[in-house]
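This report concerns only the one structure given below.
Computed from the coordinates by the stated procedures, all read-outs in this text should not be read as laboratory data. Everything quoted here is computed from the prediction, not taken from an experiment. All Cβ positions, even for glycine, are placed from backbone atoms using ideal geometry, and neighbour counts span all protein chains on display.
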Amino acid sequence: MPRKVLVFLFRGVTGMIETFFASLPNSLSVLRLWYLRCAGMKVGAKCSIARNVYFLGRVELGDGTAIANNCFLNGAQAGIKIGRKVMIAPNCVIVAFAHGNDDLSVPMIDQPWVEAEVIIEDDVWIGANCTILKGIRVGRGAVIGANAVVTKDVESFAIAGGVPARKIGTRLKSVC
Ligand SMILES: CC(C)(COP(=O)(O)OP(=O)(O)OC[C@H]1O[C@@H](n2cnc3c(N)ncnc32)[C@H](O)[C@@H]1OP(=O)(O)O)[C@@H](O)C(=O)NCCC(=O)NCCS
């Protein structure tokens, strides 16, 4: 059988297996974690990954991190590193790449990706429907409000929100 056909079949089968485990009910998320670890992803202890969460490229999750339904994380080669006890609410998108768009003579789909690592430090809470772009670091204990598009680093314990995300508060006020 030609190599192209084999590759096509292999991708189809692995895609179906991935979709099967992603679509399991949340009560069976332990099987989802088992599959992701078998597939080579670094997933810490006591993580929880809800239904319809998709991972592509290099993604690492620290211990006790929870990702809610319908999130999409693509670490590409640069990677997405998520620390410990991080909460990611439903419908978030985190990507460690952007499509190249500098060359007007080449369709963007054919331009190389521009990649940069994303780091989400420990104890971060990312609200629903957020997008976090390539190269971003979200500092420890920060909160990202619902619907934010994060285009710049967020300092530790800051509360950030909006499009593009800006600092709208800090958690440090309660200890001052
Ligand atoms: C960011 C968040 C935690 C702030 O909560 P809070 O500390 O109670 O803040 P407040 O409601 O007092 O708002 C403080 C200011 O920030 C603004 N703000 C609050 N949430 C915002 C958001 N998501 N985006 C932009 N601005 C926001 C408010 O309008 C207010 O501005 P003002 O002072 O000019 O009136 C909260 O609004 C939020 O987005 N939580 C995420 C909820 C979620 O996604 N849950 C999913 C399940 S985990």
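Computed from the Kirkwood radius of its Cα pairs, the Stokes-Einstein diffusion coefficient for region 1-148 at 10 °C and 1.306 mPa s stands at 98 µm²/s. Placing unit charges on the Cβ atoms only, positive for Lys and Arg and negative for Asp and Glu, gives region 74-176 a dipole magnitude near 620 debye about its Cα centre. With a cut-off of 14 Å on the backbone N, no residue of region 116-136 is near the modelled label site 7 Å out from Ala39 along Cα-Cβ. Excluding the site residues themselves, the longest part of the chain lacking any trypsin sites (Lys or Arg not before Pro) in a DSSP loop with at most 14 other Cβ atoms within 10 Å is 47-151. Since only Asn74, Met1, Leu24 are under comparison, the one whose Cα sits farthest along the positive direction of the charge dipole of region 1-100, derived from C-beta charges on Lys, Arg, Asp and Glu, is Met1. For the chain, modelled as a GNM whose springs connect Cα atoms under 10 angstrom apart, the maximal fluctuation among Ser105, Ser27, Ser48 occurs at Ser105. Between the helical axis of 3-22 and the longest alpha-carbon principal axis of the chain there is an angle of about 40 degrees. Rounded to the nearest 10 degrees, the angle from helix 29-38 to the longest Cα principal axis of the chain is 60 degrees. Extension gain, Ala116-Ser48: 0.36 nm per intervening residue step, less the Cα-Cα distance, totals 21.9 nm. So for the chain: antiparallel DSSP bridges make up what percent, rounded to the nearest 5? Roughly 20 percent of the beta bridges in the chain run antiparallel, per DSSP. Of the lysine pairs in the chain, how many meet both conditions: Cα atoms under 24 Å apart, and a spacing of 8 or more in sequence or different chains? Lysine pairs meeting both conditions in the chain amount to 16. Under a Gaussian network description of the chain, with springs only between Cα atoms under 10 Å, the residue in Gly62, Gly12, Gly83 that fluctuates furthest is Gly12. Result for the chain in a Gaussian network model with C-alpha springs under 10 Å: among Val143, Val163, Val59, the largest mean-square fluctuation is at Val163. Basic side chains Lys and Arg get +1 at the Cβ, acidic Asp and Glu get -1 at the Cβ, and with that the dipole of region 1-130 about its Cα centre reaches some 680 debye.
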